[in-house]
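The structure appears right after this line, and notes come after that.
The values are calculated or read from the model by the stated rules, or taken from the named source; none is laboratory data. Computed from a predicted structure; not experimentally measured. Positions of Cβ are backbone-derived with ideal geometry, glycine not excepted, and every protein chain shown enters the neighbour counts. Ligands, DNA and RNA are excluded from the accessible area calculation, which covers all protein heavy atoms including side chains. Shrake-Rupley method; radii C 1.70, N 1.55, O 1.52, S 1.80 Å.
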Amino acid sequence: MENHILSHGSARRLARKPLALAAALMACSGLGACNTVDRLSQIGATPPLSAIEDPTSQPGYRPVRLPMPDIQPVSYAPNSLWRTGSRAFFKDQRAARIGDLVTVKVNVTDKANLNNETKRSRSNAEGLGLPNAFGLENSAAIAAAGISPDKLITGTSTSSSDGAGSVQRNETVTTNIAAIVNQILPNGNLVVEGKQEIRINFEVRELIVAGVVRPEDIESDNTIDSSKIAQARIAYGGRGQITDVQQPRYGQQLVDVLLPF
């Protein structure tokens, strides 16, 4: 019987658990942060990796459409092994079909040093007087009011503006990533996209590469330099504890958007 009897302290703790959960849910809805409960449940846990997915099934995926030349008909010459329109005589193992892999050598070096300064100043003064107005300037009412007839209206304005800006940037990203051919354009160019995630302790580093490549630019070892990718989209970032600390809080971002000054 003693095992089924709860002490008063245990009963109070059990009674407080639903209340604490309800308070947490109310606080979440009041702040408008729908992912607060999920983030609280992940405290002390490593960031999860994303599942491998088909890029063409993503909600925002759109097939690439670019101006294409006229399609050349394929013709075979009699007593010849060469086929008109072929890119090579022998078949190789480089990426050429949907689903094939190609290694992208990302080599991005970005340097910028900009300095801008703008100064503007303006001064203005206006005056209006009426020294003689039919002798009314000597009336007792104007004298009692302390109005000087030759200085009835005086206006002055001064404005000054000084703005300065400076940008110094030095970024270098060098790495390799495998991309998947997910589309072949009518002229034979390949649309590739690759995503790589690396988890280091409590931080996930993400690298995304996408664009259009020519099969001729793919090296014999099935690699291509990122500088040869047209419409290139290269993103390098991360998510986790370090990235979360570096970002302003949601309230501060909201204030920055709403405040007009």
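Quick look at the values:
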item: Subset of the range 95-123 that is open to solvent by less than 70 Å² (accessible area, probe 1.4 Å) and not aliphatic (A, V, I, L, M) - its residue that is nearest to the chain's Cα centre (by Cα); result: Asp110
item: Options Ser166, Ser220; residue that is assigned to a strand (DSSP E or B), among the small types (Gly, Ala, Ser) and either open to solvent by 70 Å² or more (accessible area, probe 1.4 Å) or at pLDDT below 90 (or both); result: Ser166
item: Arg83 being loosely packed, with under 10 Cβ neighbours inside 10 Å and either touching a Leu at 6+ places or on another chain (Cβ under 9 Å) or modelled with pLDDT under 85 (or both); result: no
item: Answer from Pro59, Pro47, Pro78 - the residue that is at pLDDT below 80 and either open to solvent by 70 Å² or more (accessible area, probe 1.4 Å) or part of a strand (DSSP E or B) (or both); result: Pro78
item: Residues that are open to solvent by 70 Å² or more (accessible area, probe 1.4 Å) and farther than 14 Å from Pro55 by Cα, drawn from the range 182-217; result: Ile184, Pro186, Ile198, Arg199, Ile200, Asn201, Phe202, Arg205, Arg214, Glu216
item: Residue selected from the range 223-242 under the condition surrounded by 14 or more Cβ atoms within 10 Å (Cβ to Cβ), without any contact (Cβ under 8 Å) to a residue 40 or more places away in the chain and not charged (D, E, K, R), by the criterion nearest to Val181 (Cα to Cα); result: Ala232
item: Failed condition for Ala95, given (1) at pLDDT 65 or above; (2) outside any loop (DSSP other than H, G, I, E, B); (3) in contact with a helix residue (DSSP H, G or I) (Cβ under 9 Å, 6 or more places away or on another chain); result: (2)
item: Any hit, the range 31-39, residues being in a helix (DSSP H, G or I) and at pLDDT below 55; result: yes
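Here is a yes/no grid of residues against (1) farther than 30 Å from Gly188 by Cα; (2) outside any strand (DSSP E or B); (3) out of contact with any Ser or Thr (no Cβ under 7 Å at 6 or more places or on another chain):
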{"residue": "Ile208", "(1), (2), (3)": "no, no, yes"}
{"residue": "Glu216", "(1), (2), (3)": "no, yes, yes"}
{"residue": "Ile234", "(1), (2), (3)": "no, no, no"}
{"residue": "Leu254", "(1), (2), (3)": "yes, yes, yes"}
